[in-house]
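S.K.: This is the structure I have questions about; it appears just below.
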Amino acid sequence: MERYWTKKRIGQLLAADAEALDRWLDDFAPAIYTGLYFQTGANAELAAELTGKTFCAAIGNLPSFNPASEAMYHWIKDQAKETRDDVLTARQLKPQRPWAWSQLPDEVLCAIAHFRSEQLPEEVANNVSVQELTRAALVELSHADRELVKHRYNHLDTPEHIAEETGESIEQINDRLYRCRHFFRRVLVQLVQSENNGFAESAATGEMEQLDFNMEKLLSATAMYQPISNPHFTVIRDSVTQTARTAAATHKQNGQTRHPVLLAATVGIIVLVVLVGIFVMSHLAKEPTPTEPTEPQTVKSTEDAAEQTSQRIDNSEIDQEELQKTLLAGGSGDIDTLVEILKTGQEISQLAAANFLGRLGDESTIGLLEEAEQQWYPDGPDDNVFAKAIIQIENRLLAESGEMVETPEEETVTTEVTETDAKPDTPEPPTPPAPTVGLTGTVATPEQAPIVDARIVLSQNPLMSPTANRNILGRSRTDEQGQYAFDREIDGPVFVDCSTPPGPNRPMLNARRSLLCQKQTSYTIDFGGSPVIAGTLEMQSGGSDNQILYLSDAMDPADAAFRSEAVTDNSGRFAFPGVPAGNYYLLYNTSDNRIVRLDTTDVQDRDVTNWTVSTLDYELTVQYDLPEGSPVITEAALKYGSDVSDEFQQYDLISEDANTFFANAPEGSYTLVTSFSNDMHILQDIELATDQTMTVGVPEGTATLVGRFISPSPLDLYLDSNDGLLRFDLISEENGLYAVPMVPGGTYSLTAVVNGLPVTFMEIDLEDDRRQVLDIDPGQLIQSFSPLYVIVADEAGNLINNAQVWLTGDGDVITTHSTGRGAFLAAPAGEYSLHAAYPSRPAVEENVTISQDSLLADPNPGNTVILTIP
């Protein structure tokens, strides 16, 4: 992944570290080769040669690459373009696309022209030239966006699943997917248009689901990259390795050091001012819209500005039509067009759009501006055009709501995390006055000094709903006393997020609290201060620096009532300020966005907790006892629990015959899940504390269950054995028929996981050597149970994580546990007693009536209950 390529990793490349070089090529060579392959008329030999030369040239230029200023993939892509042009010019050749692209049948051209509005035919998705065009368009995406598209449309992961894996919100994932879809569509159309005279995209547009469906259909049938033959890849790897070794030897002999090229912080703003000025003078007849005064900038001439800009933007690749469209939209106040350009446009167009949105945009545009800022300025400067636009909008919104808070330009307080119990003699920040209603609080350093200009975001907590959005309710910044305030009535469950940049001798603060607010009530949430968890991460596999860590009171940070984020420094040190007393998981976010459990800790009421976390990685070999005629093993995974969502917290595996080998798995408790070709899954709990080998027996099955789905199923139904060790997925064909063969005889439950809770609908007895027919109506099943959402909070409104919640009535006891997003229960309509208990607190009980409703209904006032544990 892009963030993996820190300065330390680049140093390993410069030192010709074999593992780093392999990772580098694995990450970027497939996309670079694919792009060159389709730019050289599908000439595999020439594309491989250019790919090798590109990476060899990149090795030589690595000392000038600064990961804080640009993305590795875009940088290598620029190297590839220069290499391509130099080599082809020397051979008197020109870049060309595959000839077959100009011979596309009319029905294919028509389908691509209506990509946004009509369903893509199967024969078009399977057309070889269309798949080539798809691969060529995909490599134009950024590395991170291409990974997102791969998981969503190639692996067919849901946005909710991706959000769980990446730690992003569902809204952020959907916004990124929206931008990726339209960027991909635009590039695809441009490629077809460049090789087919007279081709034009249809202006007709359909529902968003239509474009999403076509993306899924096309990409699920298409390989992401053009395959590199093994001989070609070997030549590329060997040439790059040799070049790196030679460069490393020269580097060491000459005692050279890297001097990254530092981009000017105002380049984007200067270019924007110049281009906007030129365009307005040349094309706008009306008077310019008055703007807010800005700081004067010194620009000698248009030529000087263009020369500065060339470090970041290639003028030859600027889409003049798009830029003109942006400026016209800004001049006329067309916010919808500006938002579309901010999502899909080039950098220069996004800069221009941001400039206008700062004066025209509303609250809904802030998230898009933050996303663009992260893309173009992930490490600053803080005064970039996107950040300024956000501040303009926030100040305007705060002024309209009467919450304007003046913030100084610089923070003058410097503090330091200490590892002793003694507190420095610093003045206590004044306690913020409590408003009649609303939310207030302070943000402070570990020594209780106020932090100025910390960002506080108040957003809706959608509870366990998989469909509701996390709407932003308000934003605030702390003043000179480190205080913030939302002086208006807040009702319902909310998230309160606080973020501050790291300061001098001060750790970064990035934390979330889950809060239940009620009308006519004031709440106080403080961030930072003490206690502090400070420690050192020692990873057995190396690379303890610049690692993203989460401290969370839930295994899944998305379910936490309190969570905090930290990044290790060059020595692996980390610090989490302001952690309430309680039990926590320390989680590690891997380079491929998996969450790994490192350790657990109990935070007591003291100033500093010192914690050294050493990861011990082990190897697990699994041998399978396969009877003759057994189904084929298709996948094996280590999970943190049997009901953890697919591919969340898994480890990569290497299959060797009938065995499975897991490497670098941290010590801990797991559930081994082995999947077979007949949709059977074997689950086995294991404790991994050393390198070990285990044997898994595969039962022989002779029973068969067949039938059909009477209605489409919104649930992933499966058969679950009584002992919980066997599961069989029920997957229907297009005509609704399903079949589960080779099932061991016994009693099974027809089950589905809803909001993380297994819901059992009926018992099924299967006998050996028997074929049983069962027709299933999923629509009827989801009406047989109704949902109950429970919010468990303390008297201060803090949501409680891991409280035990259960229902008692005429039938069985139904149990679950609470999270920072509430608790979910499912039961037939009727009268029940609802209970909640938490260690060291008295249990509470309340009589509830569960009304008849769809099992999949979102939380609403009629199905939501609040329990307060004193």
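S.K.: Taking interchain pairs and intrachain pairs at least six residues apart, which have beta carbon atoms under 6 angstrom, with the first residue in the range 829-842 and more than 21 Å from Leu788 (Cβ to Cβ) and the second part of a loop (DSSP other than H, G, I, E, B)?
M.R.: Close Cβ pairs (under 6 Å, with a partner that is part of a loop (DSSP other than H, G, I, E, B)) amount to Arg841/Ile869.
S.K.: Name the single residue, out of those in the range 1-21 being in a helix (DSSP H, G or I) and touching a Ser or Thr at 6+ places or on another chain (Cβ under 9 Å), that is farthest from Leu141 (Cα to Cα).
M.R.: Ala18
S.K.: For the list (1) in contact (Cβ under 8 Å) with a residue 60 or more places away in the chain; (2) on the phi < 0 side of the Ramachandran plot; (3) not hydroxyl-bearing (Ser, Thr, Tyr), I need the number of the one condition that Asn546 fails.
M.R.: (2)
S.K.: Next question, about the same structure. Go through the range 85-120 residue by residue and tally those that are outside any helix (DSSP H, G or I) and more than 31 Å from the chain's Cα centre (by Cα).
M.R.: 10
S.K.: Within the range 726-753, count every residue that is among the polar types (S, T, N, Q) and within 24 Å of Leu672 (Cβ to Cβ).
M.R.: 3
S.K.: Suppose we filter the range 226-236 for residues that are part of a helix (DSSP H, G or I) and crowded, with 18+ Cβ neighbours inside 10 Å; how many remain?
M.R.: 3
S.K.: Moving on. Hey, does the range 763-772 have a residue that's in contact (Cβ under 8 Å) with a residue 24 or more places away in the chain and closer than 30 Å to Phe562 by Cβ?
M.R.: Within the range 763-772, none of the residues are in contact (Cβ under 8 Å) with a residue 24 or more places away in the chain and closer than 30 Å to Phe562 by Cβ.
S.K.: I'm trying to understand the selection: among the residues of the range 843-862, which are polar (S, T, N, Q) and without any contact (Cβ under 8 Å) to a residue 12 or more places away in the chain?
M.R.: Hit for the range 843-862 is Asn860, nothing else.
S.K.: Could you look through the range 828-870, keep only residues that are part of a strand (DSSP E or B) and among the acidic types (Asp, Glu), and pick out the one that is farthest from His817 (Cα to Cα)?
M.R.: By that ranking, first place goes to Glu831.
S.K.: Sticking with this structure for a sec: Take the range 543-561 and flag every residue that is buried (at least 20 other Cβ atoms within 10 Å of the Cβ), of a type in the set (Gly, Ala, Ser) and over 14 Å from Ser169 (Cα atoms).
M.R.: Matches in the range 543-561: Ser544, Ser552, Ala554, Ala561.
S.K.: So, of the residues in the range 729-742 that are touching a Phe, Trp or Tyr at 6+ places or on another chain (Cβ under 7 Å) and either aliphatic (A, V, I, L, M) or not in a loop (DSSP other than H, G, I, E, B) (or both), which turns out to be nearest to Phe709 (Cα to Cα)?
M.R.: The extreme case among them is Tyr738.
S.K.: Here is a list of conditions, (1) within 24 Å of Leu133 (Cα to Cα); (2) open to solvent by 10 Å² or more (accessible area, probe 1.4 Å); (3) touching a strand residue (DSSP E or B) at 6+ places or on another chain (Cβ under 9 Å), and Ala71 meets all of them except one; can you say which number that is?
M.R.: So Ala71 meets the others, but not (1).
S.K.: Only one of Lys81, Lys150 is assigned to a helix (DSSP H, G or I), touching a residue at least 60 places away in the same chain (Cβ under 8 Å) and of a type outside the set (Ser, Thr, Tyr). Can you tell me which?
M.R.: The conditions single out Lys150.
S.K.: Here's something else I'd like to know. Identify the residue in the range 705-725 that is aliphatic (A, V, I, L, M) and either surrounded by 18 or more Cβ atoms within 10 Å (Cβ to Cβ) or closer than 14 Å to Pro758 by Cα (or both) and, among all such residues, is farthest from the chain's Cα centre (by Cα).
M.R.: Leu705
S.K.: Separate question: Please find, within the range 128-142, the residue that is nearest to Glu195 (Cα to Cα) out of those that are outside any loop (DSSP other than H, G, I, E, B) and open to solvent by less than 10 Å² (accessible area, probe 1.4 Å).
M.R.: Leu133
Each row is one residue, and each column tells you yes or no for (1) exposed (fewer than 14 other Cβ atoms within 10 Å of the Cβ); (2) under 16 Å from Leu705 (Cβ atoms).
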{"position": "Arg727", "(1), (2)": "no, yes"}
{"position": "Pro744", "(1), (2)": "no, yes"}
{"position": "Tyr748", "(1), (2)": "no, yes"}
{"position": "Val753", "(1), (2)": "no, no"}
{"position": "Met762", "(1), (2)": "yes, yes"}
{"position": "Leu766", "(1), (2)": "no, yes"}
{"position": "Arg770", "(1), (2)": "yes, yes"}
{"position": "Ile776", "(1), (2)": "no, yes"}
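S.K.: Moving to a separate point now. In this structure, does Leu218 turn out to be more than 25 Å from Ala372 (Cα to Cα), touching a Phe, Trp or Tyr at 6+ places or on another chain (Cβ under 9 Å) and part of a helix (DSSP H, G or I)?
M.R.: The answer is yes for Leu218.
S.K.: For Leu757, are the conditions met, namely being closer than 30 Å to Leu551 by Cα and surrounded by fewer than 19 Cβ atoms within 10 Å (Cβ to Cβ)?
M.R.: yes
The values are calculated or read from the model by the stated rules, or taken from the named source; none is laboratory data. In this text, all values refer to a predicted model and were calculated from it rather than measured experimentally. Backbone-built Cβ (ideal geometry, glycine too); neighbour counts: all protein chains shown. Note: areas computed on protein heavy atoms with side chains; ligands, DNA, RNA excluded. Shrake-Rupley method; radii C 1.70, N 1.55, O 1.52, S 1.80 Å.
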